[in-house]
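Encoded as structure tokens, the structure appears first; notes follow it.
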Amino acid sequence: MRSLLFVPGDSERKIGKALSSGADALIFDLEDSVAADNKEAARDTVRIALQALSGTDRATGPLLYVRVNALDTGMTEADLAAVMPGRPDGIMQPKTGSAADVVELSAMLDRLEDTSNLPSGSTRVIAIATETASSLFHVGTYGNAGPRLHGMAWGAEDLSADLGASSNKDEAGHYTGPYQLARTLCLAGAVAARCEPIDTVYVNFRDESSLKRESLAAARDGFTSKLAIHPAQVPVINQVFTPSGEAVERARRIVAAFAEAGNAGVIGLDGEMLDRPHLTRAEKLLARAGKYRS
């Protein structure tokens with residue numbers, strides 16, 4: 001995945017529009033974008049949308065995730081019971097405090113997959129791992145979250161509310177220290193857990209140049225995808241997180257040079273000395289490129 005687009009779960013119109021956005025994954029939202037008195041209707045809307053997208057549509061279209069309400073709201077099980085008959089590809093779990101929360105969600109999914117005649121373990125989980133102050137102290141636990149965990153994202157908006165901050169960015173529009181820390185912890189935690197590190201949303205959907213700058217910085221540092229809040233953001237995100245032709249050619253040459261050298265720990269290429277970490281990065285880039293480039 002390169003782009004994951006949030007869609008309000010109570011809006012049939014926005015769900016329909018999102019399907020043609022080009023996003024690699026849609027996240028039908030039952031949490032922040034849905035008012036408390038509209039949760040039940042949103043569950044029905046999402047289930048119907050999931051059930052309508054079957055067969056060829058599911059095989060060729062975006063992955064379909066559902067963001068449920070957090071465990072401490074008491075609504076998670078009702079959310080899951082409503083949407084699992086629609087066979088979502090995955091669940092996005094907000095405000096996770098540690099791997100233990102993913103394990104708890106996984107147990108719920110175990111039961112519901114069984115009753116919905118779904119293959120055991122087939123529903124993936126993406127955890128939003130930095131939305132509370134306490135969660136920052138447990139980002140390194142997600143290696144124990146179990147095989148369902150597919151990705152970890154970080155969040156700045158809920159975290160700033162929990163910290164009592166007046167803003168999460170400075171006058172130049174850059175994240176301040178607490179949020180840079182959350183970003184770094186999420187990246188390291190996801191890689192340590194061997195799942196996908198997912199960059200947070202850029203909230204000003206009209207500012208394409210800043211979105212691109214933030215996306216480039218995320219891709220440079222090791223994030224493999226980014227959350228989106230508007231369809232207009234998807235083309236920019238997809239472009240940035242698709243390896244360029246130049247990067248692919250460079251990676252191919254690195255892999256070929258190591259293969260030609262046999263069991264060498266270090267090689268020379270274009271005047272540079274490259275060691276095994278360079279080979280690992282090149283192999284990962286080629287794996288991503290194979291998904292998105294012909």
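Taken together, the values in this text are just the output of simple stated rules run on the coordinates, not laboratory data. Quick caveat: nothing in here was measured; it's all calculated off a predicted structure. Cβ coordinates were reconstructed from backbone atoms using ideal geometry, including for glycine residues, and neighbour counts include every protein chain displayed.
Structural remarks
- 0 to 90° range, to nearest 10: angle between helix 177-192 axis and the chain longest Cα axis: 80
- Between ARG58, ARG252, ARG43, the GNM of the chain built on Cα springs shorter than 10 angstrom shows ARG252 fluctuating the most.
- Cβ-placed point charges (K, R +1; D, E -1), dipole of segment 168-261 about Cα centre in debye, nearest 20: 140
- Label selected from (1) 17.1; (2) 19.7; (3) 18.7, the criterion being mean projected area of the Cα convex hull in nm² as computed here: (1)
- Of all lysines in the structure, those lying under 22 Å Cα to Cα from LYS169, and not within fewer than 8 positions of it along the same chain, are LYS95, LYS212, LYS226.
- Listed residue (LEU50, ALA81, VAL102) projecting farthest to the positive dipole end of segment 49-139, Cβ model: LEU50
- Computed over segment 245-292, the P(r) curve from all C-alpha pair distances, binned at 5 Å from the origin, holds 5, 23, 34, 22, 11, 4, 0 percent per bin.
- Using R0 = 35 Å, the C-beta based FRET efficiency linking ARG213 and ALA59 works out to 0.50.
- Bridge orientation summary for the chain: considering DSSP beta bridges with both residues in this region, about 15 percent are antiparallel.
- Based on DSSP H segments of at least four residues, each scored -39500 (n - 2.57), the chain has a per-residue ellipticity at 222 nm of -13500 deg cm²/dmol.
- Dmax and Rg, reported as Rg then Dmax, of segment 68-213 (C-alpha, Å): 16.1, 52
- Theoretical FRET efficiency, 1/(1+(r/R0)^6), r = Cβ-Cβ of ASP72 and VAL203, R0 22 Å, to 0.05: 0.35
- Choice from SER21, SER166, SER225 with maximal GNM fluctuation in the chain (Cα, 10 Å cutoff): SER166
- Student exercise, the chain dipole from Lys, Arg, Asp, Glu Cβ charges, in Debye to nearest 20: 940
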